[in-house]
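See structure below.
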Amino acid sequence: MLWFKHQTCSHDDPDISDAMDLFGHHAYAVFFITLEIYGDEYNHLDSEEWLTISQRFLARKLRLSSTKVQQILNFYSERQRILVKMTETTISIKCPKFVDIASNWTKRKTFKSSAHLCSPSVVPTAIEEKKKRRRREENIPSLKFCVFLDSVKLTQDQYEKLQLTLGQKVLDSGIEKLDYSITVKGGKYKDHYKTLLNWHKRGFLTEDKNGKSGGYFTKRSTGSLPADIEESTDATARKWREAQKTADSISEKES
């Protein structure tokens, strides 16, 4: 329940007014904060519409001692406004006329007890939410990957798209380079399909006049790290920089 009705003249209510005479402004706070807690847990009431919570929790919410809270709630219980049952550590509350001030949506709903919510302390947990999320994920069709060489994973649709975009020769070369980067250098890539497209876009898979293909080890890739290398491990990035320095020194000697 998101809200309930709160009249502007609630402080003139005879029971609340009498309670304020005895306990001061704390009586007003106890009455309405207790209603807020009851409304917030409205879907977790037991079959007889009782809500059970710890006395320590309620005292902490009200910023009062447990003794003071018990005195005020006992007063309202005698007036049949908020019924109370207590144990050494817990307190059960019930508001007989709460549905009269409940939201219109709550009034339209028929109260139904649920076996797994029979006790108000039993609320959906992180484990239950995880199970629900897992069930939703199981309903989503998973992609079927084909493994090329030892470690390159592409769906059949992705492979066919790469054939059209890169050409078979360039695609085979790209798969070999990507497989070498993963298995030998320990590179990690989130999406092999996007990695190959990115390499092709940057010219790493294009052969020059001498039949040599561009890549991380040529002067073509100077400057900042490629996005796919930045996504990989720090070790891969370090090896990339070392190879870049080696390629630069070789180019200087050849020139």
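No value in this document is a laboratory result; all are computed from the given coordinates. Keep in mind that this is a model prediction, so the values were computed, not measured. With ideal geometry, Cβ positions are generated from the backbone for all residues, glycine too; neighbour counts draw on all protein chains shown.
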Cβ-based net charge around S66, under 14 Å, with every Lys or Arg adding one and every Asp or Glu removing one: +4
Furthest towards positive pole of dipole, H44, S17, V69, structure part region 10-113, Cβ charges: H44
Subset of K144/K185; K144/K201; K132/K161; K131/K185 violating a 31 Å alpha-carbon distance limit: K132/K161; K131/K185
Relative compactness, region 10-113, computed as alpha-carbon Rg over 2.2 N^0.38 Å: 1.05
Total formal charge among the other residues, if their Cβ is under 14 angstrom from that of L51, Lys/Arg +1 and Asp/Glu -1: -3
Extension gain (nm, one decimal) between A29 and K130, 0.36 nm per residue minus Cα-Cα: 32.6 nm
Qualifying trypsin sites (Lys or Arg not before Pro) for region 164-209 [loop in DSSP, other Cβ within 10 Å: at most 11]: K190, K209
Region 1-70: trypsin sites (Lys or Arg not before Pro) in DSSP loop, at most 16 other beta carbons within 10 Å: K5, R63
Stretch gain in nm, segment E78-M20, where the contour uses 0.36 nm per residue and the Cα spacing is subtracted: 19.4 nm
